[in-house]
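See below for the structure under consideration.
The values are calculated or read from the model by the stated rules, or taken from the named source; none is laboratory data. All of these numbers come straight from a predicted model, not from anything done at the bench. Quick reminder, even Gly has a Cβ in these numbers, built from the backbone with ideal geometry, and neighbours come from all protein chains shown. Each accessible area value is taken on the protein alone, full model and side chains, heavy atoms only, with ligands, DNA and RNA left out. Shrake-Rupley method; radii C 1.70, N 1.55, O 1.52, S 1.80 Å.
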Amino acid sequence: MTNTFPTPAPLPPPAAVDLNGRTALVTGGGSGIGRACVLALAQAGATVHVVDRDAAAAGAVAEITGGPVHVADLADRAAVDLLPAEVDILVNNAGLQHVAPLTEFPPERFELIQKVMVTAPFLLMRRVMPHMYGQGWGRIVNISSVHGLRASAYKSAYVAAKHGLEGLSKVAAIEGAPHGVTSNCVNPGYVRTPLVEGQIRDQAAAHGISEDDVLSDVMLARSPVKRLLEAEEVAAAVLWLCGPHTSCLTGASLPLDGGWTAC
Ligand code: NAD
């Protein structure tokens with residue numbers, strides 16, 4: 001099947017949102033979507049704390065923004081408890097994938113994915129929400145996935161974690177509402193990141209088909225828009241959720257999925 005939806009021309013900068021004086025924290029900020037979020041928030045004027053277990057990747061982003069870096073493993077509760085609490089914008093982004101049939105899924109891998117993708121976001125919300133309540137303003141953006149709304153075979157831990165994150169986000173929205181704090185999920189389909197580019201190569205080799213065919217017939221089979229999302233498109237949605245027009249938008253899940261969940 002031909003890819004009839006090529007990647008768009010270079011994207012213009014996102015709509016102006018002024019975050020001067022705001023402090024943000026982005027987990028998994030060293031790569032992919034997290035990196036794009038760090039750059040977009042910093043470009044809007046925020047001081048952005050980059051949290052990642054990959055010191056080199058986090059350092060490379062912080063070199064561009066001049067913001068602080070925290071090398072931390074989010075599966076380690078003690079490390080999460082050392083992260084800054086005076087944060088106005090929290091982006092829970094760090095994540096990982098493991099693909100295996102449920103009957104063969106390694107339990108320790110399942111537990112790790114819940115720790116990084118559900119427990120760490122909970123611990124971070126618990127940590128930063130008192131500061132947000134104190135000032136009457138805060139934005140929590142959870143990078144969920146189309147897999148927070150739909151399931152796929154062989155992704156039990158990831159789908160369970162993203163559905164858990166969806167529930168957590170809604171509770172934060174309800175509790176945060178009287179304090180000017182919103183909490184939302186962003187739900188991308190497949191995004192062009194190092195993680196996904198590797199998956200395309202692996203699947204092409206495994207199935208003996210071209211990378212274009214992996215894209216159109218495997219990854220994008222359920223998406224009416226037949227192209228990968230760019231990380232900057234996700235970051236633009238995150239930035240918009242932190243802007244001045246979204247204080248009534250809370251407890252929501254914003255699909256950036258090329259129409260996948262409309263099917
Ligand atoms: P990525 O692999 O490019 O980046 C993930 C970052 O998280 C890395 O820098 C990694 O070091 C960091 N990280 C992972 N585990 C960590 C841990 N225990 N402690 C600290 N840092 C850790 O991934 P990405 O594609 O940018 O994905 C980012 C988020 O977006 C994930 O939550 C993912 O589920 C979600 N998402 C991705 C896609 C996609 O197609 N790429 C689609 C939907 C949702």
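Scanning segment 82-100 for residues being within 14 Å of the ligand (Cβ to nearest atom) and more than 22 Å from Ser144 (Cβ to Cβ) gives a total of 1.
Quick grid of which residues meet (1) free of Cβ contacts under 8 Å to residues at least 60 places away in the same chain; (2) more than 11 Å from the ligand (Cβ to nearest atom):
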{"position": "Ser156", "(1), (2)": "yes, yes"}
{"position": "Ala160", "(1), (2)": "yes, yes"}
{"position": "Pro178", "(1), (2)": "yes, yes"}
{"position": "Tyr190", "(1), (2)": "yes, no"}
{"position": "Ala206", "(1), (2)": "yes, yes"}
{"position": "Asp213", "(1), (2)": "no, yes"}
{"position": "Leu239", "(1), (2)": "no, yes"}
{"position": "Gly243", "(1), (2)": "no, yes"}
{"position": "Gly259", "(1), (2)": "yes, yes"}
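Taking every residue in segment 60-87 that is open to solvent by less than 50 Å² (accessible area, probe 1.4 Å) and pairing it with any residue that is among the hydroxyl-bearing types (Ser, Thr, Tyr), at least 6 positions away or on another chain, the pairs with Cβ-Cβ distances below 8 Å are Gly67/Thr47; Pro68/Thr47; Leu74/Thr27; Pro84/Thr23; Val87/Thr23. Scanning segment 136-148 for any residue that is within 15 Å of the ligand (Cβ to nearest atom) and either farther than 21 Å from Gly34 by Cβ or in a loop (DSSP other than H, G, I, E, B) (or both) turns up at least one such residue. Considering only residues that are open to solvent by less than 30 Å² (accessible area, probe 1.4 Å) and among the charged types (D, E, K, R), which ones fall in segment 135-165? Passing the criteria: Arg139, Lys155, Lys162. Within segment 28-54, the residues that satisfy the criterion of being within 9 Å of the ligand (Cβ to nearest atom) and open to solvent by 50 Å² or more (accessible area, probe 1.4 Å) are Ser31, Arg35, Arg53, Asp54.
Here is a yes/no grid of residues against (1) touching a helix residue (DSSP H, G or I) at 6+ places or on another chain (Cβ under 9 Å); (2) outside any helix (DSSP H, G or I); (3) open to solvent by less than 40 Å² (accessible area, probe 1.4 Å); (4) modelled with pLDDT of 95 or more:
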{"position": "Glu108", "(1), (2), (3), (4)": "no, no, no, yes"}
{"position": "Glu111", "(1), (2), (3), (4)": "yes, no, no, yes"}
{"position": "Val116", "(1), (2), (3), (4)": "yes, no, yes, yes"}
{"position": "Ala120", "(1), (2), (3), (4)": "yes, no, yes, yes"}
{"position": "Arg126", "(1), (2), (3), (4)": "no, no, no, yes"}
{"position": "Pro130", "(1), (2), (3), (4)": "no, no, no, yes"}
{"position": "Tyr133", "(1), (2), (3), (4)": "yes, no, no, yes"}
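Could you please let me know if Arg201 is of a type in the set (D, E, K, R) and either within 24 Å of Gln43 (Cα to Cα) or open to solvent by 60 Å² or more (accessible area, probe 1.4 Å) (or both)? Criteria met by Arg201.
Quick one: is Glu232 in a helix (DSSP H, G or I), in contact (Cβ under 8 Å) with a residue 12 or more places away in the chain and open to solvent by 50 Å² or more (accessible area, probe 1.4 Å)? When the stated conditions are applied, Glu232 passes them.
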